[in-house]
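Have a look at the structure below before the remarks.
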Amino acid sequence: AQKVTQAQTEISVVEKEDVTLDCVYETRDTTYYLFWYKQPPSGELVFLIRRNSFDEQNEISGRYSWNFQKSTSSFNFTITASQVVDSAVYFCALSEALNTGNQFYFGTGTSLTVIP
Amino acid sequence: KAGVTQTPRYLIKTRGQQVTLSCSPISGHRSVSWYQQTPGQGLQFLFEYFSETQRNKGNFPGRFSGRQFSNSRSEMNVSTLELGDSALYLCASSLAGITAYGYTFGSGTRLTVV
């Protein structure tokens, strides 16, 4: 079963618009960690944010913010005032604390295009 | 501080050949993980090494293997290449080997099997 679902395959926005990327996860662990990574055309996965299952406080970090809701198993990510440099593929990922070996379960990614 | 270095960046191999990919983690990092990224299957976990020991392995056939050296550098090997092995192979390293603390990814090796 898919542990992380990103229903949005592609999103296009005009520069300066806000954009929200959706992520729904599935786990039976009570302790787990959620991540957002960005993959630019160069290929590397760039870490953006991390949240643990015990902290549902939503925060803002610069132009990034996230909305973590355990009740709906969602971990949505918002970019405010988007810029062309934000164009990339964004991945939501889950790590389960009880899982030895520490692997990430990635969603299928959302390709974001910011149009100037 | 140097990041995670993967070599080579691009590779073209013929079906049936074998290939070895290399990953040099961030200095001091003891854990290295490998992921395969394809358009059809997305990012899938291959295996993870910590202090030269394989701690976890994903659901891949035995043709995929890896190892980690005492200096934490890691290699992965794919034998008897198939067309479906064409992918971006990403390596990630971590100091503590715990995903909660974060992993740093390299730029990957893009393997094309023809």
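The values are calculated or read from the model by the stated rules, or taken from the named source; none is laboratory data. This is a predicted model, so every value here is computed, not measured. Cβ coordinates were reconstructed from backbone atoms using ideal geometry, including for glycine residues, and neighbour counts include every protein chain displayed. Accessible surface areas use protein heavy atoms only, side chains included; no ligands, DNA or RNA. Shrake-Rupley method; radii C 1.70, N 1.55, O 1.52, S 1.80 Å.
So, of the residues in the range B:20-35 that are surrounded by fewer than 19 Cβ atoms within 10 Å (Cβ to Cβ) and part of a strand (DSSP E or B), which turns out to be nearest to the other protein chains (Cβ to nearest Cβ)?
B:SER22
Given the conditions (1) within 14 Å of chain B (Cβ to nearest Cβ); (2) closer than 30 Å to B:TYR10 by Cβ; (3) not acidic (Asp, Glu), which single one is not true for A:ARG50?
(2)
Can you tell me which residue among A:THR108, A:THR5 is among the hydroxyl-bearing types (Ser, Thr, Tyr), in contact with a Cys (Cβ under 8 Å, 6 or more places away or on another chain) and under 18 Å from B:GLN37 (Cα atoms)? Please lay out each step first, then the result.
Working: A:THR108 fails: in contact with a Cys (Cβ under 8 Å, 6 or more places away or on another chain).
So the residue among A:THR108, A:THR5 that is among the hydroxyl-bearing types (Ser, Thr, Tyr), in contact with a Cys (Cβ under 8 Å, 6 or more places away or on another chain) and under 18 Å from B:GLN37 (Cα atoms) is A:THR5.
Any residue in the range A:53-66 that is open to solvent by 20 Å² or more (accessible area, probe 1.4 Å), away from chain B (no Cβ under 12 Å) and aliphatic (A, V, I, L, M)?
Yes, the conditions are met somewhere in the range A:53-66.
From the residues in the range B:96-114 that are within 20 Å of A:THR31 (Cβ to Cβ) and more than 7 Å from chain A (Cβ to nearest Cβ), which one is most open to solvent (accessible area, probe 1.4 Å)?
Looking only at the range B:96-114, we keep the residues that are within 20 Å of A:THR31 (Cβ to Cβ), and these are B:96-103.
Cutting the leftovers down to more than 7 Å from chain A (Cβ to nearest Cβ) gives us B:96, B:101, B:103.
Numbers: B:ALA96: 40, B:TYR101: 157, B:TYR103: 9 Å².
By that ranking, first place goes to B:TYR101.
Of everything in the range A:70-90, what is under 13 Å from the mean Cα position of the chain (by Cα) and under 16 Å from A:TYR32 (Cβ atoms)? Give them in sequence order. Walk me through it before giving the result.
The initial filter retains those residues of the range A:70-90 that are under 13 Å from the mean Cα position of the chain (by Cα), namely A:73-79, A:88-90.
Correct list: A:SER73, A:SER74, A:PHE75.
Could you figure out which of (1) open to solvent by less than 40 Å² (accessible area, probe 1.4 Å); (2) within 14 Å of another protein chain (Cβ to nearest Cβ); (3) within 15 Å of the chain's Cα centre (by Cα); (4) of a type outside the set (Phe, Trp, Tyr) isn't true of A:THR27?
Here A:THR27 meets the rest and fails (3).
Can you give me the number of residues within the range A:63-116 that are touching a helix residue (DSSP H, G or I) at 6+ places or on another chain (Cβ under 8 Å), assigned to a strand (DSSP E or B) and within 18 Å of B:THR99 (Cβ to Cβ)?
The number of residues fulfilling the criteria is 1.
Scan the range B:1-15 residue by residue and report those that are assigned to a loop (DSSP other than H, G, I, E, B) and either open to solvent by less than 10 Å² (accessible area, probe 1.4 Å) or in contact with a strand residue (DSSP E or B) (Cβ under 9 Å, 6 or more places away or on another chain) (or both).
B:ALA2, B:GLY3, B:VAL4, B:PRO8, B:ARG9, B:THR14, B:ARG15
Give me the pairs: first residue in the range B:93-105 and touching a residue at least 60 places away in the same chain (Cβ under 8 Å), second residue in a helix (DSSP H, G or I), beta-carbon distance under 8 Å, and six or more apart or on different chains, which are they?
Within 8 Å, the pairs are B:SER94/B:TYR101; B:LEU95/B:TYR101.
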